[in-house]
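Report on the following structure.
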Amino acid sequence: MQDFSAAFGLAFGLIASGDADLFEIVGLSMRVSLTALLLSCLIGFPIGALLVVRKFFGRGIVIALVNSMMGFPPVVIGLLVYLALSRAGPLGWLGLLYSPAAMIIAQTLLIAPIVAALSRQVLEALQAEYDEQFRSLGVSRGSAMLALIVDGRYGLVTVALAGFGRAVAEVGAVIIVGGNIEHLTRVMTTAIALETSKGDLGMALALGIILMSIAVSVNLGASALRAIAERQAYA
Amino acid sequence: MPDTVPFAPPDKPDKGPPTPRDRLLPGALRLDRLTLQVAGKTLVDIEKLELEPRSVTVVMGPNGAGKSLFLRLVHGLIPPSSGWVSWGEVACGEATRSTQAMVFQKPVLLRRSVAANLDFVLRRRAGSRAERRARRDELLARVGLAGQAEQPARLLSGGEQQRLALARALATLPKVLLLDEPTASLDPASVQMIEQIVLAASAEDTKVIFVTHDVGQARRLADDVAFLHHGRLIEHRPAAIFFTSPASEAVDAYLAGRIVL
């Protein structure tokens, strides 16, 4: 129990003093996960919109596939990216293994399907409402996709936040492809795992507190946005 | 017939008798043995119907008569099970649909400002930015929404939303304007405004097909009336004759306000 309260004291001390190591780790975490999120949105939103607008043969199978990719275990994604980026792998010549870029690739592969699958769900409802009107107006598929993404913006922000939450909290993929190298690829989750096993509970807890606050503020931001959307009847 | 005051049709510009050339105009509709079956049930079954290219045709009938389906069939939003639809000798399809605009019973507005809803349509037309802006302002003034350009479209009242939907339809400069009970459950002021705008569009040679089950509205608008019942065309006659001497029991009962089964 003493350990426990001491750890808390230490954690708040580290946060309050603006410990350089601590904030370096937090900064890298944010950089990696936000970049992965941006890439995932650029990939996932159009895929989601396309799956809604185009009723091609085999669409149901593709949707089931994307949906099941949502539940992909991060360690497996990490393993696959590792195999691709390792020296003997097809992309080994890029020399990206154990770099933040490798972590970004792994997290993008992890959350792009989530963003695609969830945005398809969000946009499906919108499409049901707009479809007949758009066909009447002769709106092209491309314009329809863009209009759905623009008009579904509030719902899609929630989708993006869900993806970000998953990316920033994930440990399995980044530890395999990043290697948890100090000052290079050490992010919050891998640092927590390491510090806990080392017994440095203060550092682990400090990172844990920051990680949880990020998760909470992300959710608060999401519900604030939803409130704004509802006030404008845009939800 | 019920004892009603004889109806004097409103003054309308005389469009003149149809000429053979009229049959080629994009507003001239022809249907041949048109049917629509869904799950083994026949919902629309119209042997033959020809509409003149510039008149206001009102489509009437009790609920479930197939009025909305009729409109979607002629607009090309749903394919018929059999039969043939053409507009001025052009088979109904994407090409004819692009010259038409439809206003739905429940307006479908984008989750954007009033002005942005019109820009969405105007953007795809030729003209400079200034011209489009002028056109947008003119349309907003025409439907009485000039002061609300920057408001979120979905915060407008029901009547205002429908007027915006009508303005958007007119923004496409349609040759044919299709309206599916556009004034159902709207305030009287909006109803009047929408009827006036529709009549004005008709005066500019836009073909109008207006679905309603409001007899008073039909009297105010119609040049000719098509009466549907159970998906079949019961009567299609000039408004003057339709309202004064209905040829079928169903129409007689409907106009008298009795329940038509």
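Chain B: longest stretch without exposed GluC sites (Glu not before Pro) (DSSP loop, at most 14 other Cβ within 10 Å), sites themselves excluded?
It works out to B:1-88.
What residues qualify as long-range amide H neighbours of B:Val103, i.e. H under 5 Å apart, gap of 5 or more or another chain, H built at 1.01 Å from N?
B:Leu178, B:Leu179, B:Asp180
Points 7 angstrom from Cα along the Cβ direction at A:Glu182 and A:Ile209: gap in nanometres?
For the pair A:Glu182/A:Ile209, the computed spacing is 2.3 nm.
From the helices alone, meaning DSSP H stretches of at least four residues, give me the mean residue ellipticity at 222 nm for chain A, per-run term -39500 (n - 2.57), in deg cm²/dmol to the nearest 500.
Roughly -27500 deg cm²/dmol at 222 nm, from the helical runs in chain A.
Using +1 at the Cβ of each Lys and Arg and -1 at the Cβ of each Asp and Glu in the stretch A:2-231, identify which of A:Leu65, A:Val26, A:Gly138 lies farthest towards the dipole's positive end.
A:Gly138
With unit charges on the beta carbons (Lys and Arg positive, Asp and Glu negative) and the dipole taken about the Cα centre of the protein assembly as shown, which residue among B:Leu261, B:Pro26, B:Gly66 sits farthest to the positive side?
The one lying farthest along the dipole's positive direction is B:Pro26.
Enumerate by residue number the chymotrypsin sites (Phe, Trp or Tyr not before Pro) in the stretch A:43-152 meeting two conditions: DSSP loop (anything except H, G, I, E, B), and at most 11 other Cβ atoms within 10 Å of the site's Cβ.
Sparse-neighbourhood loop chymotrypsin sites (Phe, Trp or Tyr not before Pro): A:Phe56, A:Phe57.
Under a plain spin-label model, where a point goes 7 Å from the Cα along Cα-to-Cβ, how far apart in nm are A:Leu194 and A:Val150?
For the pair A:Leu194/A:Val150, the computed spacing is 4.7 nm.
Return the Rg/Rh ratio of the stretch A:2-231 with Cα-based radii and a Kirkwood Rh.
Result: Rg/Rh = 1.06.
For chain B, what is the mean residue ellipticity at 222 nm derived from helices alone (per DSSP H run of n ≥ 4: -39500 (n - 2.57); sum divided by total residues; nearest 500 deg cm²/dmol)?
On the way: 9 runs with 86 residues, N = 261.
When only DSSP H runs of four or more count, the value is -9500 deg cm²/dmol.
When the accessible area of chain B is computed with all protein chains present and a 1.4 Å probe, what percentage of it is carbon and sulfur?
That fraction is 54 percent.
Taking a probe of 1.4 Å, how large is the accessible area per residue of the stretch A:1-99, in Å²?
Heavy-atom SASA per residue in the stretch A:1-99 reads 60 Å².
Viscosity 0.890 mPa s, temperature 25 °C: Stokes-Einstein D of the protein assembly as shown from its Kirkwood Cα radius, in µm² per second?
On the way: Rh = 26.9 Å.
After rounding, the answer is 91 µm²/s.
Rg/Rh for chain B to two decimals, with Rh computed the Kirkwood way over all alpha-carbon pairs.
When Rh is taken as the Kirkwood radius, the ratio is 0.97.
Please report the antiparallel percentage of DSSP beta bridges with both residues in chain B, rounded to the nearest 5.
55 percent
Which whole-Hz couplings ³J(HN,Hα) result when phi for each residue of the stretch A:18-32 is put into the Karplus expression 6.51 cos²θ - 1.76 cosθ + 1.60, θ = phi - 60°, listed in order with x for Gly and Pro?
Per-residue couplings from phi come out as x, 3, 4, 4, 4, 6, 5, 5, 4, x, 5, 3, 5, 4, 5 Hz.
About its Cα centre, what dipole magnitude does the stretch B:20-255 give when the only charges are +1 on Lys and Arg Cβ and -1 on Asp and Glu Cβ, stated in debye to the nearest 20? Walk me through the intermediate numbers first.
Working: 31 positive and 26 negative charges, 205 e Å.
Dipole magnitude for the stretch B:20-255 comes out near 980 debye.
I'd like to know which of B:Gln148, B:Leu228, B:Val198 lies farthest towards the positive end of the charge dipole of the stretch B:20-255, counting +1 on Cβ of Lys and Arg and -1 on Cβ of Asp and Glu.
Going by the Cα projections, it comes out as B:Gln148.
Given a cut-off of 26 Å, name the pairs among B:Lys41/B:Lys207; B:Lys48/B:Lys106; B:Lys41/B:Lys67 whose C-alpha atoms lie farther apart than that in the structure shown.
On the way: B:Lys41/B:Lys207 31 Å; B:Lys48/B:Lys106 29 Å; B:Lys41/B:Lys67 16 Å.
As for pairs spanning more than 26 Å Cα to Cα, those are B:Lys41/B:Lys207; B:Lys48/B:Lys106.
How big is the stretch B:133-220 by the Kirkwood estimate over distinct Cα pairs, in Å?
Numbers: mean 1/r = 0.0746 Å⁻¹.
Computed over the stretch B:133-220, the radius equals 13.4 Å.
In debye, nearest 20, what is the charge dipole magnitude of the protein assembly as shown about its Cα centre with +1 on Lys and Arg Cβ and -1 on Asp and Glu Cβ, if you could check?
Dipole size: approximately 940 debye.
Roughly to the nearest percent, how much of the accessible area of the stretch A:2-231 is carbon and sulfur, given a 1.4 Å probe?
About 71 percent, which is the carbon plus sulfur part of the accessible surface.
Interface B/A, total buried accessible area with a 1.4 Å probe, nearest 100 Å²?
What B and A bury together is about 2000 Å².
With +1 on the Cβ of every Lys and Arg and -1 on the Cβ of every Asp and Glu, and nothing else charged, how large is the dipole of the stretch A:2-231 about its Cα centre, in debye rounded to the nearest 20?
With Lys and Arg at +1 and Asp and Glu at -1, about 820 debye.
The values are calculated or read from the model by the stated rules, or taken from the named source; none is laboratory data. Since the structure is predicted, the reported quantities are computational estimates derived from the model, not experimental observations. Here the Cβ is made from the backbone with ideal geometry for all residues, glycine too, and neighbour counts use every protein chain on show. Heads up: the accessible areas ignore ligands, DNA and RNA and are worked out on the full protein's heavy atoms, side chains in. Shrake-Rupley method; radii C 1.70, N 1.55, O 1.52, S 1.80 Å.
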